[in-house]
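The values are calculated or read from the model by the stated rules, or taken from the named source; none is laboratory data. The model shown is predicted, which means the values in this text are computed figures rather than measured ones. Heads up, the Cβs are rebuilt from the backbone with ideal geometry, glycines too, and the neighbour counts pull from every protein chain shown.
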Amino acid sequence: MVTSMITSVNGSYNALQQQQGIDRSACTTGAFLHEIGQVKELSAEEEMAAFKRDFYAEVANIQIHSTVKNVAINVSEDGFRRMKDDPKYKEEILGLLRRDLCAPFIHSVSSLITIGGSINEYCATAWSATADDDFWARSKNSHFIKKTSVRDDDENDYAKYWADRAAERHLLAYRQQVDVQNKEAIEKKLEEAQFEQSMQRKKATEHYESTSYYMETVTLRKQSGGNSN
């Protein structure tokens, strides 16, 4: 079990040194705390929690490029255990994070990074910051290293964002439905107009034919009457 050393001592530090004959110049804070019985043993869970805090603090110190607008990190428990037990693996992971977070993109992005118990499980995925629905959906339970999108500043903004997007999709579907209905109405009116034109042409033809027949009949009668004289 690793011993956690309390790094700050209250005002009785000097007095206790004098009482117990501890040479301040020859001892560390840890040794002094051992002398006065103030050593605190951490459980395995507490050690891991402290390691996670330290790891995220190190990641937070990375100078993230300005084109990377949002950064979320998912670290599996195997990943944390491996980094805790293997400092070289931890440094390798930090190196990959520096590579992916410091590099510029041609446009603003949101990046989700996954870390596991082996280097092969490391994965960095980026979405355009203007079309990053998948990023926000997959990073709900992630640790955010950087978050600049106003829509996700808090849970209310997050819920409002998704409500707005749902409303936009509903409006788009409605417009598409209206467009289809309008198209159908236009096609129906066109068919009706074409039918009306067809009927008018038919009536005109029938009228012309009937008029022509009548004129021919009158002409023949006149001719017949003239011949009879």
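For the structure I just gave you, tell me whether Cys102 is of a type outside the set (D, E, K, R) and without any contact (Cβ under 8 Å) to a residue 12 or more places away in the chain.
no
A quick yes/no check of all residues on (1) more than 20 Å from the chain's Cα centre (by Cα); (2) loosely packed, with under 11 Cβ neighbours inside 10 Å; (3) farther than 19 Å from Phe51 by Cα:
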| position | (1), (2), (3) |
| --- | --- |
| Met83 | yes, no, no |
| Lys88 | yes, yes, no |
| Ile106 | no, yes, yes |
| Ser111 | no, no, yes |
| Gly117 | yes, no, no |
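If you go through region 48-62 one residue at a time, how many are closer than 10 Å to Leu94 by Cβ and either aromatic (Phe, Trp, Tyr) or outside the structural domain of Leu101 (by TED's automatic domain parsing) (or both)?
Number satisfying all stated conditions: 1.
Cβ-Cβ under 8 Å, sequence separation 6+ or interchain: first residue in region 136-149 and in the same structural domain as Val59 (by TED's automatic domain parsing), partner assigned to a helix (DSSP H, G or I) and of a type in the set (Val, Ile, Thr). Which pairs?
Close Cβ pairs satisfying both conditions: Ile145/Val59.
Starting from residues that are exposed (fewer than 14 other Cβ atoms within 10 Å of the Cβ) and farther than 29 Å from Tyr122 by Cα, keep the ones in region 31-78 and report whichever is modelled with the highest pLDDT.
Glu41
State whether the residues of region 123-146 include one that is of a type in the set (A, V, I, L, M), touching a strand residue (DSSP E or B) at 6+ places or on another chain (Cβ under 9 Å) and modelled with pLDDT under 85.
There is at least one residue in region 123-146 that is of a type in the set (A, V, I, L, M), touching a strand residue (DSSP E or B) at 6+ places or on another chain (Cβ under 9 Å) and modelled with pLDDT under 85.
The rows are residues; the columns are (1) surrounded by 10 or more Cβ atoms within 10 Å (Cβ to Cβ); (2) of a type in the set (A, V, I, L, M, F, W, C); (3) modelled with pLDDT under 70.
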| position | (1), (2), (3) |
| --- | --- |
| Glu196 | yes, no, no |
| Arg201 | yes, no, no |
| Val218 | yes, yes, yes |
| Ser224 | no, no, yes |
